[in-house]
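This report concerns only the one structure given below.
The values are calculated or read from the model by the stated rules, or taken from the named source; none is laboratory data. From a predicted model like this one, the values you see are computed outputs, not experimental measurements. So basically every Cβ, Gly included, is an ideal-geometry build from the backbone, and we count neighbours across all protein chains shown. To get the accessible areas, we keep the full protein, side chains included, count just its heavy atoms, and leave off ligands, DNA and RNA. Shrake-Rupley method; radii C 1.70, N 1.55, O 1.52, S 1.80 Å.
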Amino acid sequence: MQKKVLVTGTSRRIGLHIAKRLHEDGYAVLAHYRSETEGVQELRALGIETIYAAFDSRDNILDFVTRLRQQYRGLRAIIHNASTFTPTDEELARAAEQYEQFFYVHMLAPFLINQGLHDRLQGDDGKPADIIHITDINVENPTPRFDIYGTTKAGLHNMTLALAKKFAPDIKVNAVAPGPVLFTESHSEEVRQAMMAETPLGCEGGAEPVYLALKSILDNSFLTGVSIPVDGGRRLSKR
């Protein structure tokens, strides 16, 4: 049986695109989601297997790992795309709640999933398997308004480096760090234009460049501990 590629956070946006493109390229995809969306229904209609989990507590994450261990003997790759993105609240108690939520999604879930499933990861034809973290260019140059988001993504970046050492030579661990690829509702038109003005390539990249970077990692058996920025050069001039 073909080994699965687990992708987390596939209900919309970049995760949905990654799951669909992996399927198009012949991978057996296992698409994790938290929210039932039209995107999840679209994945099922394509014949892609979906699995639900909420990464909002230690117990829920561990339950997800247990279910995967019980159901799947082999995984080709794990792609951590699940993410939450909002500006930091000015009210301290609410900011503390945000930090806990972001920590669970961006750091604890990837850590427990990687630790709990690394022995299920198997590459093809004797080559290493893959873990890929979708981080953000904020890990290099954080935006103060999104400091909780940026610091937890930076923790995920550091996990990339630590696990690249820990899991070698059987598993490659790398990251893809998007910049302005898909704007969100929190970005006003003024903010969008300012971001584009700071981006040397001067456009919103879209989800496909993220997939192409990810696919290049899957195809390259001699690449680990690397973070590929997909940002149109914005990290070079970001204020």
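Structure notes:
- Distances between placed amide hydrogens fall under 5 Å for residue 175 paired with 133, 226, 227, 228, all partners being 5 or more residues away or on another chain.
- Student exercise, the chain dipole from Lys, Arg, Asp, Glu Cβ charges, in Debye to nearest 20: 760 debye
- Charge context of residue 89, other residues only, Cβ under 14 angstrom, K/R +1, D/E -1: -3
- Heavy-atom surface of the stretch 90-215, accessible at 1.4 Å and reported per residue (Å²): 47 Å²
- The fraction of accessible area contributed by carbon and sulfur in the chain is 51 percent, rounded to a whole number (1.4 Å probe; ligands and nucleic acids excluded).
- Under a 5 Å amide H cut-off, with hydrogens placed 1.01 Å from N, residue 28 pairs with 5 among residues at least 5 apart or on other chains.
- Positive-end extreme of charge dipole, the stretch 1-140 - chosen from 84, 30, 115 (charges on Cβ): 30
- In percent, rounded to a whole number, the relative contact order of the stretch 13-139 is 25, using alpha-carbon pairs under 8 Å and six or more apart.
- Once C-alpha pairs closer than 8 Å and six or more residues apart are averaged by separation and normalised to the residue number of the chain, the relative contact order reads 18 percent.
- Take the Cα of residue 103, step 7 Å toward its Cβ, do the same at residue 192, and the gap between the two points is 3.5 nm.
- Solvent exposure of the stretch 29-78 as accessible area per residue, Å², 1.4 Å probe: 50 Å²
- Length released on extending from residue 63 to residue 201, taking residue separation times 0.36 nm less the Cα-Cα span: 45.4 nm
- Pairs of Lys residues in the chain are counted when their Cα atoms are under 26 angstrom apart and they lie 8 or more places apart or on different chains; the count is 29.
- Furthest towards positive pole of dipole, 103, 126, 138, structure part the stretch 78-138, Cβ charges: 126
- A Cβ-based charge dipole, computed about the Cα centre of the stretch 41-141 with Lys and Arg at +1 and Asp and Glu at -1, lands at about 620 debye.
- The packing ranking, built from the mean of other Cβ atoms within 10 Å per residue, places the peptides 121-128, 19-26 in the order 19-26, 121-128, highest first.
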